[in-house]
Amino acid sequence: MQLTCIHAAGRPRTEVRAGVLGRRCRDACPVRSGAQAVMADPRVLVFAYHDVGYECLDALLARGVQVIAVLTHADDLHEDIWFKPVAALARSRDVPVYSPPNVNVPDWVARIRALAPDLIFSFYYRHLIAPEILQLARLGAYNMHGSLLPKYRGRAPINWAVLHGERETGATLHVMVKRPDAGDIVDQERVTIGPAETARDVLVRVAVAARAVLERQLDNLQAGRAPRLPQDETQATYFGGRRPEDGRIDWRHDAGAIFNLIRAVTHPYPGAFTEFADKRLFVWWATAAACAKAAPGEVLSSAPLRIATGDGCLDIIEWQWQGDARSAHGNGHGLRAGLVLDAGS
């Protein structure tokens, strides 16, 4: 689809390709006023983490981009690190790697200024980057977000989209501004969400989509002529970060909503859970089942383990009591018909 690019004065300038965008963009001229020519081989500073960070950094390196440094996060010993290591990729290509706990302190602002970046990218970096850092890049600072902005601004956008039963999400490259995920859109790519897909399933495809968006716009970004489309604030939604405790199942919800929660936080995420007799039972997978009306959380049968919800039932396919070494399928859970699990709150 085509995107009409506009001079600062508001006159149409040219047409460029830009993914799924099909409306007027605001500006395709160099990011800074008065820029006459873009230097060859811009110096690119990358903030990156997780699978999206890995794919996008790999795309830059494959294209021979001059990546002057990568800022990432030190892995948290309390977190299950199941995603690709950005730091290892950077080091394998002799790119300096840093993982400061806070890049916005004066010392790191000064160090980044000394690096003299022409272009800054943030690919799934977990911290906000201060405006005084963003303005150091004469060609602009851009973030890759895991949703179709302006929907699902904020943290964990893929998990939230799956939890809400969305049928699509995507990857959006946008200008970084002070407010998170609120800057002009450069390009975006849609990704479908199947009715039984997990957040991990969707993330794999969002990472591929993010790479495609970056590769499609890289020449424009390095030349300072990336298209820009202001976000429609009337369509914006925002969601905060998720905690393991947010996986608590409220059996008063309908079976579809609970199933969406399960697939949004199942492996490798912390998981959905319920409680019985002060012991936590993780539900890693389930399927909807027809049943007669019963109290939410009531165990209707033990084989299969069938639980009543506010509307419909769920058969628990994969489960794990807290403290068990691994998850299990089938019987062995110790629950019998007639017991009532904690309904949630």
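No lab work stands behind these numbers, since they all come straight from the coordinates. Please read these numbers as outputs of a predicted model, since none were measured by experiment. Every residue, glycine among them, receives a Cβ derived from its backbone with ideal geometry; neighbour counts consider all protein chains shown.
Odds and ends about this structure:
- With 0.36 nm allotted per residue and the present C-alpha distance subtracted, the Arg336-Gln135 stretch has 66.2 nm of extension available.
- Label-to-label distance for Ser99 and Arg252 is 4.3 nm, based on points extended 7 Å past Cα in the beta-carbon direction.
- Cα-based Rg and Dmax for the chain, where Dmax is the largest Cα-Cα distance (Å): 23.2, 76
- Modelled label positions at Thr237 and Leu77, each set 7 Å beyond Cα in the direction of Cβ, lie 3.9 nm from each other.
- Net charge of the neighbourhood of Glu132, taken over other residues with C-beta under 15 Å away and scored Lys/Arg +1, Asp/Glu -1, is +3.
- Protection proxy ranking of 180-189, 330-339, 64-73 - average other beta-carbon atoms within 10 Å, highest first: 180-189, 64-73, 330-339
- From its DSSP helices (H runs of at least four residues, each -39,500 (n - 2.57)), the chain gives a residue-normalised ellipticity at 222 nm of -7000 deg cm²/dmol.
- Normalising the Debye intensity of the range 245-329 to I(0), with uniform scatterers on Cα atoms only, and taking log10 at q = 0.12, 0.18, 0.21 Å⁻¹ returns -0.29, -0.68, -0.94.
- Among beta bridges that DSSP assigns inside the chain, antiparallel share in %, nearest 5: 65 percent
- Taking 16 Å as the cut-off, the amide N atoms of the range 267-283 that come nearer than this to a point 7 Å along the Cα-to-beta-carbon line of Asp324 belong to 267, 271-283.
- Near-label residues of the range 47-79 by backbone N, under 17 Å of a point 7 Å along Cα→Cβ of Ala114: 68-71
- Taking the fewest neighbouring Cβ atoms within 10 Å as the starting point, the ordered list for Leu57, Leu218 is Leu218, Leu57.
- In order along the range 244-257, phi translates into HN-Hα couplings of x, 5, 5, x, 5, 7, 9, 5, 6, 6, 6, 4, x, 5 Hz, rounded to whole numbers, per the Karplus curve 6.51 cos²θ - 1.76 cosθ + 1.60 with θ = phi - 60° and x for Gly and Pro.
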